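Taking it in order: structure first as C-alpha cells, then the write-up.
The values are calculated or read from the model by the stated rules, or taken from the named source; none is laboratory data. For clarity, every value in this text was computed on a predicted model and none was experimentally measured. Cβ coordinates were reconstructed from backbone atoms using ideal geometry, including for glycine residues, and neighbour counts include every protein chain displayed.
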Amino acid sequence: MHILFLTDNFPPEVNAPATRTFEHCREWVAAGHEVTVITCAPNFPQGKVFPGYRNRLIECETIAGIKLLRVWTYIATNEGFLKRAIDYATFLNAIFPAVLRVRNVDIIVATSPQLFAPLAALITSRVKGCPYVFELRDLWPESIRAVGAMKNQRILGWLERLELTLYLRAAAIVSVTNAFVDNLAERGIERKKMHVVTNGADLSRFKPRPRDEALAERLDLTDKFVAGYVGTHGMAHGLNTLIEAARLLQDNAETRNVRLLFLGDGAEKAPLVAKARESDLSNVLFLDSVPRDQVASYWSLLDASIIHLKKAALFETVIPSKLFECMAMGIPVLHCVAGESAGIVEREGNGIVVEPENPASLSQSICRLAHDAALRAHLSERGTVAAAKYDRKALAARMLSVIEGVHAREVEQHITIQPDLSCAGRINKSD
C-alpha cells in the first residue's frame, strides 16, 4: 500500500505533530508499506529555515525509508493570525505540483490543526481516485477562538463550515482524544467512522536515565531541584502562570534551591523572558530548542515536569503529548490542564493535578515535590509502568489498521462496481 501523508510539520522540527507523524510513518515503512510525505522546509517555531535546508519549490530527501517532498511556503514566525494564514495557504497551493510527482497512491492521510492540509487531501483524493483519512489533533478553528487569536466571526464561521465538510468527506477520522470524538458526534459526524489513537512516546528513546551531570553543571543546575516546561511557548500555554509561580518560589526561603527551566521557542517567549527579567527572577532559566536527539538529555535534568494550558473549556478536550514522554522517562508531572488529560494523570498516578492559571497552587505543588523524595519516587514508578500503554510502536500499528481498513473497503467497493463482462457476446437461448 502506498500512503501519501500531508503535514506542515516534520523532523528535524521537534514539536509534537512532527514527532508523531515521523514515528508513525517510520513504523508503517517497517511494516512493508510505501510512505511519501509532502511537507515544507523545517522552520517551526522560530519562522526561520533550519540550517542545511532551503525553501525551494520542491526538495526531495529520504528519512528512515520515508520519501519526503518539501515544498515552498511563505515562512513566518508563529505569531499573528494573518501571517500564519498566508503560510498555511501557500502550503495548500504548493502541495499540488508535488502531488503530480507521486504515483500510484492508495490512500491519503492529512493532519490538523490547520485545515489546509486536509483540504488539499480532499482535492487530491478526487484527482487520484482514492480515499483520504483526517487525523484530528486539534479542533480548529475553535482553538483560534479560545486563545483570542482572531475576532472576525464571519471568517471563523466560514472556517467552521469548511471544517465540517472535511470531516464529512473523510473516509475515516483518527482523533487523538475521546473528547474530540464526542465533540464531532454532537455536530453530526457519525461515530462509526471515528477512531481514537492517542499520542504516546517512543519507548526506545524515552526511558528512565540518570541526570546528565555534565549538562547540569554547564547550566548551573547541580544540586538544584529542577521543575521544567519543555515545548512551544505559545498563546495557548499560559506560561505567565509559571513566571508568577517562580516569583512566589523565590520569595519563599524553603524553595531557594528550586529552579524553573523553560526549553523551547514560540510567539510568547520574548514577553516571558522580559517579564522574568523585570521581576528580577534568578530562579528561572530559558533555553532555546535543541535538536531531537538531544531532547532526552534535557528531560533528564528535570525532577518534575510542568504541563500547562490556559483555563478554557476547549483545552479540557486535549491531551498534551509531552505527558507520555514524561511517563516513559519516569518524571513526575505537575499537570496544569483540566479535563481528559487530568483524568489520565489521576488514573495512572504519575503526577499531581494542579488548577490551570493558579500560580499559588503551582508553587505549593512544586514545594511539596521538592521536599518529598518518597512521593517523587512513587510518581516516577507509576509513570514508567503506565508508559507501556502508550508505546508509539503499538499506537502506530493501531492507526495503520484504520488506514488498511479504509483501503480494503475501497478495493472491495471498486471490485463490486466493475461490470460483469463474463457473458458478453453470448446468445440467450430463452430469446
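Filter segment 5-36 for residues that are part of a helix (DSSP H, G or I) and polar (S, T, N, Q); which is surrounded by the fewest Cβ atoms within 10 Å (Cβ to Cβ)?
Checked segment 5-36; the qualifying residue surrounded by the fewest Cβ atoms within 10 Å (Cβ to Cβ) is 19.
Going by the structure shown, is residue 39 among the β-branched types (Val, Ile, Thr), surrounded by fewer than 19 Cβ atoms within 10 Å (Cβ to Cβ) and not in a loop (DSSP other than H, G, I, E, B)?
So residue 39 does not fit the description; no.
Check whether at least one residue in segment 190-202 is out of contact with any Ser or Thr (no Cβ under 9 Å at 6 or more places or on another chain), surrounded by fewer than 15 Cβ atoms within 10 Å (Cβ to Cβ), on the phi > 0 side of the Ramachandran plot and not in a helix (DSSP H, G or I), and report yes or no. Don't jump to the end; show me each part of the working.
First, pick out the residues of segment 190-202 that are out of contact with any Ser or Thr (no Cβ under 9 Å at 6 or more places or on another chain): 190-193.
From the residues that got through so far, the ones that are surrounded by fewer than 15 Cβ atoms within 10 Å (Cβ to Cβ) too are 190-192.
Now drop any that are not on the phi > 0 side of the Ramachandran plot, which leaves none.
The answer is no, given that none of the residues of segment 190-202 is out of contact with any Ser or Thr (no Cβ under 9 Å at 6 or more places or on another chain), surrounded by fewer than 15 Cβ atoms within 10 Å (Cβ to Cβ), on the phi > 0 side of the Ramachandran plot and not in a helix (DSSP H, G or I).
Scan segment 283-293 for residues that are modelled with pLDDT of 95 or more and out of contact with any helix residue (DSSP H, G or I) (no Cβ under 6 Å at 6 or more places or on another chain) and jot them down.
285, 287
Given the conditions (1) crowded, with 19+ Cβ neighbours inside 10 Å; (2) on the phi > 0 side of the Ramachandran plot, which single one is not true for residue 324?
(2)
Any residue that is among the hydroxyl-bearing types (Ser, Thr, Tyr), outside the structural domain of residue 323 (by TED's automatic domain parsing) and buried (at least 21 other Cβ atoms within 10 Å of the Cβ) - is there at least one of those in segment 173-185? Walk me through it before giving the result.
Narrowing segment 173-185 to residues among the hydroxyl-bearing types (Ser, Thr, Tyr): 175, 177.
Checking the rest, the ones that are also outside the structural domain of residue 323 (by TED's automatic domain parsing) come to 175, 177.
With buried (at least 21 other Cβ atoms within 10 Å of the Cβ) added as a condition, the list becomes 175, 177.
Yes, segment 173-185 has at least one match.
Which of the residues spanning segment 105-120 are touching a strand residue (DSSP E or B) at 6+ places or on another chain (Cβ under 6 Å) and either modelled with pLDDT of 95 or more or among the aromatic types (Phe, Trp, Tyr) (or both)? Walk me through how you get there before you give the answer.
Of all residues in segment 105-120, those touching a strand residue (DSSP E or B) at 6+ places or on another chain (Cβ under 6 Å) come to 105-112, 117-118, 120.
Of everything in segment 105-120, those that are touching a strand residue (DSSP E or B) at 6+ places or on another chain (Cβ under 6 Å) and either modelled with pLDDT of 95 or more or among the aromatic types (Phe, Trp, Tyr) (or both) turn out to be 105, 106, 107, 108, 109, 110.
Out of the residues in segment 390-423 that are among the hydrophobic types (A, V, I, L, M, F, W, C) and not in a helix (DSSP H, G or I), which is modelled with the highest pLDDT?
Per the criteria, the residue is 421.
Here's the yes/no breakdown for (1) buried (at least 19 other Cβ atoms within 10 Å of the Cβ); (2) out of contact with any Lys or Arg (no Cβ under 6 Å at 6 or more places or on another chain); (3) part of a loop (DSSP other than H, G, I, E, B); (4) in contact (Cβ under 8 Å) with a residue 60 or more places away in the chain:
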| residue | (1), (2), (3), (4) |
| --- | --- |
| 229 | yes, yes, no, yes |
| 232 | yes, yes, yes, yes |
| 242 | yes, yes, no, yes |
| 245 | yes, yes, no, yes |
| 254 | no, yes, no, yes |
| 259 | yes, no, no, no |
| 265 | yes, yes, yes, yes |
| 271 | no, yes, no, no |
| 274 | no, yes, no, no |
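If you take the residues of segment 64-80 that are surrounded by 15 or more Cβ atoms within 10 Å (Cβ to Cβ) and hydrophobic (A, V, I, L, M, F, W, C), which of them is modelled with the lowest pLDDT?
Looking at residues that are surrounded by 15 or more Cβ atoms within 10 Å (Cβ to Cβ) and hydrophobic (A, V, I, L, M, F, W, C), I get 76.
Picking from 280, 293, which residue would you name as being part of a loop (DSSP other than H, G, I, E, B) and either surrounded by fewer than 19 Cβ atoms within 10 Å (Cβ to Cβ) or in the same structural domain as residue 221 (by TED's automatic domain parsing) (or both)?
Every option except 280 fails the conditions.
Can you report the number of residues in segment 327-350 which are among the β-branched types (Val, Ile, Thr), in contact (Cβ under 8 Å) with a residue 40 or more places away in the chain and part of a loop (DSSP other than H, G, I, E, B)? Show your work before the answer.
Restricting attention to segment 327-350, the residues satisfying the condition of being among the β-branched types (Val, Ile, Thr) are 331, 333, 337, 344-345.
Then keep just the ones that are in contact (Cβ under 8 Å) with a residue 40 or more places away in the chain; that gives 331, 333.
From what is left, the residues that are part of a loop (DSSP other than H, G, I, E, B) are 331.
Residues flagged as among the β-branched types (Val, Ile, Thr), in contact (Cβ under 8 Å) with a residue 40 or more places away in the chain and part of a loop (DSSP other than H, G, I, E, B) within segment 327-350 amount to 1.
Right, residue 387: at pLDDT 95 or above, surrounded by 16 or more Cβ atoms within 10 Å (Cβ to Cβ) and touching a helix residue (DSSP H, G or I) at 6+ places or on another chain (Cβ under 6 Å) or not?
yes
Can you spot a residue in segment 296-319 that is among the hydroxyl-bearing types (Ser, Thr, Tyr), assigned to a loop (DSSP other than H, G, I, E, B) and either over 20 Å from residue 177 (Cβ atoms) or assigned by TED's automatic domain parsing to the domain that holds residue 176 (or both)?
Yes, some residue in segment 296-319 is among the hydroxyl-bearing types (Ser, Thr, Tyr), assigned to a loop (DSSP other than H, G, I, E, B) and either over 20 Å from residue 177 (Cβ atoms) or assigned by TED's automatic domain parsing to the domain that holds residue 176 (or both).
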